[in-house]
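These notes are about the structure you will find just below.
The values are calculated or read from the model by the stated rules, or taken from the named source; none is laboratory data. This is a predicted model, so every value here is computed, not measured. In this analysis, Cβ positions are derived from the backbone assuming ideal geometry, glycine residues included, and neighbour counts consider all displayed protein chains.
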Amino acid sequence: MENVLESLPRGGRVAIIRLRSLGDCVLTTPALAILRQFRPDLKIGVVVEDRFREIFEGSPDVDQILPPLLARLRGLRSDVCLNLHGGTRSAWMTALSGARYRAGFGHFRNRPAYNVRIPRAQEILGVERKVHTAEHLASAMFYLGVPFCEIPRARLTAARNAKTCAVIHPAAAAAAKTWRPRGFLDVAKHLQQSGLDVVFIGSASDDLAPFGAYPVRKGATLGQIKSLLAAAAVFVGNDSGPAHMAAAFGVPSVVLFGNSDPEIWGPWRTTSEVISSPAGIHEIRTDQVLQALDRLRVHA
């Protein structure tokens, strides 16, 4: 295949379409980092929903952040439009982007939208195992011409809080991914007894009432959560977007999994413990989480 990136002029433009979700946005940042390292001259624009815009704000690997509007995408006049989302909306936006190279994974739906069809990550990486989402997304860059290299940790930028604390995220998108509140309260007590201040976080729609005995950051912006996590001593939570944010800052993490696959969605390149149960997340015992924290040797 033609080396797409090497064919681009100096100062060429690349548009990356990354619609939802929070974890996917965070795990896109390693791919952006290796693209920037290989071609620092390129102008990189990320097309993302406004609710996730703050994930990319301040990134040294992104020159422009655009809303998911076709007129704005076409106005970028990109040489390459790479769809890392794969849904119908992002596919037609890619097809109509005006880019010379319109790239997407070949196993996505809407294959006719792309004139560069990227194979599965296993084929690109030369492996037969499951691949982590960060590897899957970075493999697109390798296929387009970035030389093979180590895929780095996700990269977020934030102003650090002065105070270090333990951050607990007890919410998730579905009941099958949400551990019981009593368990998180027992974990909070254990962390507090070890000398750490504890903060619970959640979205504006999450029920954080059971955790009112502790400081609660409900409905904080992603920028505020980035700052909190950047200074965190430890993160404990369900498999969800904030877990990937914590990993991006190298925070030691204990992440509880329900029906998601930790090999694909586990914390990427940070010291971590993953806990799951064949019977489901509700069967994870509190002592399993406390023992994982002890193995991480997190102290105030």
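Which of (1) hydroxyl-bearing (Ser, Thr, Tyr); (2) over 20 Å from residue 54 (Cβ atoms); (3) under 16 Å from the mean Cα position of the chain (by Cα) is the odd one out, the single condition residue 240 does not satisfy?
Result: residue 240 passes all but (2).
Residues being among the aliphatic types (A, V, I, L, M) and surrounded by fewer than 24 Cβ atoms within 10 Å (Cβ to Cβ): count how many of those fall in region 1-31. Can you show your working first?
Of all residues in region 1-31, those among the aliphatic types (A, V, I, L, M) come to 1, 4-5, 8, 14-17, 19, 22, 26-27, 31.
Of the ones still in play, those that are also surrounded by fewer than 24 Cβ atoms within 10 Å (Cβ to Cβ) are 1, 4-5, 8, 19, 22.
Residues meeting the conditions: 6.
Quick check: is even one residue across region 144-166 more than 30 Å from residue 32 (Cα to Cα), in contact with a helix residue (DSSP H, G or I) (Cβ under 8 Å, 6 or more places away or on another chain) and buried (at least 21 other Cβ atoms within 10 Å of the Cβ)?
no
Return the residues of region 235-272 that are farther than 24 Å from residue 57 by Cα and of a type in the set (A, V, I, L, M, F, W, C); say none if nothing qualifies.
236, 254, 255, 256, 257, 264
Looking at 234, 251, which is the one that is aliphatic (A, V, I, L, M), assigned by TED's automatic domain parsing to the domain that holds residue 194 and more than 19 Å from residue 54 (Cβ to Cβ)? Steps first, answer last, please.
Numbers: 251 fails: more than 19 Å from residue 54 (Cβ to Cβ).
Testing whether each residue is aliphatic (A, V, I, L, M), assigned by TED's automatic domain parsing to the domain that holds residue 194 and more than 19 Å from residue 54 (Cβ to Cβ) leaves just 234.
Take region 1-27 and flag every residue that is under 24 Å from the mean Cα position of the chain (by Cα) and part of a loop (DSSP other than H, G, I, E, B).
Hits for region 1-27 are 18, 19, 20, 21.
Could you tell me how many of the residues in region 161-171 are aliphatic (A, V, I, L, M) and in a loop (DSSP other than H, G, I, E, B)? Give the derivation first.
So in region 161-171, the residues aliphatic (A, V, I, L, M) come out as 162, 166-168, 171.
Checking the rest, the ones that are also in a loop (DSSP other than H, G, I, E, B) come to 162, 171.
Qualifying residue count for the region: 2.
Would region 191-199 turn up any residue that is loosely packed, with under 14 Cβ neighbours inside 10 Å and outside any helix (DSSP H, G or I)?
Within region 191-199 (the criterion being loosely packed, with under 14 Cβ neighbours inside 10 Å and outside any helix (DSSP H, G or I)), the answer is yes, since at least one residue qualifies.
Among the listed residues 243, 172, 188, 209, which satisfies the condition of being free of Cβ contacts under 8 Å to residues at least 12 places away in the same chain and closer than 20 Å to residue 282 by Cβ? Step through it out loud before you land on a result.
Numbers: 243 fails: free of Cβ contacts under 8 Å to residues at least 12 places away in the same chain; 172 fails: free of Cβ contacts under 8 Å to residues at least 12 places away in the same chain; 188 fails: free of Cβ contacts under 8 Å to residues at least 12 places away in the same chain.
Just a single option satisfies the conditions, and that option is 209.
Considering each of 135, 123 in turn, give the residue that is buried (at least 19 other Cβ atoms within 10 Å of the Cβ), among the acidic types (Asp, Glu) and either modelled with pLDDT of 95 or more or in the same structural domain as residue 276 (by TED's automatic domain parsing) (or both). Please lay out each step first, then the result.
Numbers: 123 fails: buried (at least 19 other Cβ atoms within 10 Å of the Cβ).
After applying the criteria, what remains is 135.
Would you check which residues across region 128-160 are assigned to a loop (DSSP other than H, G, I, E, B), more than 22 Å from residue 244 (Cβ to Cβ) and either out of contact with any Lys or Arg (no Cβ under 9 Å at 6 or more places or on another chain) or among the charged types (D, E, K, R) (or both) and list them?
Those that are assigned to a loop (DSSP other than H, G, I, E, B), more than 22 Å from residue 244 (Cβ to Cβ) and either out of contact with any Lys or Arg (no Cβ under 9 Å at 6 or more places or on another chain) or among the charged types (D, E, K, R) (or both): 128, 147, 148.
Select from region 189-238 the residues that are touching a Gly at 6+ places or on another chain (Cβ under 7 Å) and of a type outside the set (Lys, Arg) and write down the one among them that is nearest to residue 290 (Cα to Cα).
Going through region 189-238, the residues touching a Gly at 6+ places or on another chain (Cβ under 7 Å) turn out to be 203-204, 208, 218.
If we keep only those that are of a type outside the set (Lys, Arg) too, we end up with 203-204, 208.
Working: 203: 25, 204: 28, 208: 21 Å.
The selected residue is 208.
Where in region 50-115 are the strands (runs of 3 or more DSSP E), entirely inside, with at least 2 residues that are of a type in the set (A, V, I, L, M) and under 27 Å from residue 244 (Cβ atoms)? Full working, then the answer.
Working: elements: 64-66, 80-83, 101-105.
So the answer is 64-66, 80-83.
For residue 22, only one of the following conditions fails: (1) at pLDDT 95 or above; (2) over 24 Å from residue 247 (Cα atoms); (3) in contact with a Leu (Cβ under 9 Å, 6 or more places away or on another chain). What is its number?
Condition (2) is where residue 22 drops out.
Based on what the data block shows, is residue 160 outside the structural domain of residue 59 (by TED's automatic domain parsing) and farther than 17 Å from residue 28 by Cβ? Working first, answer last.
Values: outside the structural domain of residue 59 (by TED's automatic domain parsing): yes; farther than 17 Å from residue 28 by Cβ: yes.
Judged against the criteria, residue 160 is a match.
Among the residues in region 240-258, are any of a type outside the set (A, V, I, L, M, F, W, C) and surrounded by fewer than 17 Cβ atoms within 10 Å (Cβ to Cβ)?
In the first step, residues of region 240-258 are kept if they are of a type outside the set (A, V, I, L, M, F, W, C); the result is 240-242, 244, 250, 252-253, 258.
Among the residues that remain, those that are also surrounded by fewer than 17 Cβ atoms within 10 Å (Cβ to Cβ) are: 250.
Yes, because at least one residue in region 240-258 is of a type outside the set (A, V, I, L, M, F, W, C) and surrounded by fewer than 17 Cβ atoms within 10 Å (Cβ to Cβ).
Quick one: in region 62-88, which of the residues that are surrounded by fewer than 16 Cβ atoms within 10 Å (Cβ to Cβ) and modelled with pLDDT under 95 is farthest from the chain's Cα centre (by Cα)?
Ranking the qualifying residues of region 62-88, first place goes to 88.
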